[in-house]
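To start, the structure itself, in structure tokens.
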């Protein structure tokens, strides 16, 4: 057996020369369409010499906040039309709720107005924001340098177990994704070079292209970008969540410097593990190029390896390792900076994570350009 639902309905009945009665019946809930309150007040006003609105609710079966919202809108529309509303015919609960809702009127000026500032004011606000961010960044870098100097002197306050755990997370656990990306980058680089070199019968120089490209720049860059998206975002999310939970405030209350306890282990761990990951990425990139050289170009594996060994110099290796170390420090600083700057909400944690990844990648690209230019000037 199914319950029969009676939709909400109303009828406006003239009760006296200056009175209109609104007869409510049915189920006035959000599951049923509700009549328009403005049209009801207008219909009452349209009646000749109507000054008062009454209510008849004997046919009302069920109601919820939908009826209350309707009556409040009718009451507001009636006041604008200079009509008087008599609530005596309403259920006792409805009258009490309407009295409670209208007891304290909304204060003026509470709602934020949508004010569009002049162009000069917007430029000034942006300049102030950029200046504050710059000061915060420089201050954070200075505190990180001081913390690292305390670490060198053996006076930094952090747990060695945290350092080892972070080294494992950003090192050994990153090997699968680094292996895949580096292998594919070496393979793609070999394919791109093979297209042109095969036209001149110089397929063997694919080994030079892949070896120098991976060892000197690409392995460090790809590893840095992978770590930025994987570990840098993790650092920002961890510290941002600690900021939301007021754990960083608790550390400061206990007299423990958050830079030493939270930032220093992450910075040291990445600066140590990034060169090792870069070496591993070099190997996987060469393996990817070797696969293309042997399978696609028909080169001898030993000949390919000897050509690679002859093409790569010690300077190429050291430039790549130095770059990877710099990238590790930049990713750690960017992730920790955005995490420490995080607000006190869940959305702020997401924004800090996104900002950390973007900042890390931009820093890696800028650092790569600077290192390349300096290495060219020094003849390395």
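The values are calculated or read from the model by the stated rules, or taken from the named source; none is laboratory data. These numbers were taken from a predicted model, which means no experiment stands behind them. Neighbour counts run over all protein chains shown; Cβ positions are idealised from the backbone, glycine included.
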When (1) closer than 27 Å to residue 193 by Cβ; (2) part of a helix (DSSP H, G or I) are applied to residue 298, the one that fails is (2)
When (1) closer than 30 Å to residue 248 by Cβ; (2) at pLDDT below 90 are applied to residue 292, the one that fails is (1)
>> With the structure loaded, tell me whether residue 42 is in contact with a helix residue (DSSP H, G or I) (Cβ under 9 Å, 6 or more places away or on another chain), within 26 Å of residue 13 (Cβ to Cβ) and at pLDDT below 80 or whether it fails that test.
In response: yes
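Using the structure shown, decide if residue 242 is surrounded by fewer than 16 Cβ atoms within 10 Å (Cβ to Cβ) and either without any contact (Cβ under 8 Å) to a residue 60 or more places away in the chain or part of a helix (DSSP H, G or I) (or both). So that I can check it myself, show each step before the final result.
On the way: surrounded by fewer than 16 Cβ atoms within 10 Å (Cβ to Cβ): no; either without any contact (Cβ under 8 Å) to a residue 60 or more places away in the chain or part of a helix (DSSP H, G or I) (or both): yes.
Answer is no for this residue.
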Of the conditions (1) at pLDDT 80 or above; (2) part of a loop (DSSP other than H, G, I, E, B); (3) exposed (fewer than 11 other Cβ atoms within 10 Å of the Cβ), the single one that residue 90 does not satisfy is (3)
When every residue in segment 101-137 that is surrounded by 10 or more Cβ atoms within 10 Å (Cβ to Cβ) and within 30 Å of residue 29 (Cα to Cα) is compared, the one modelled with the lowest pLDDT is 102
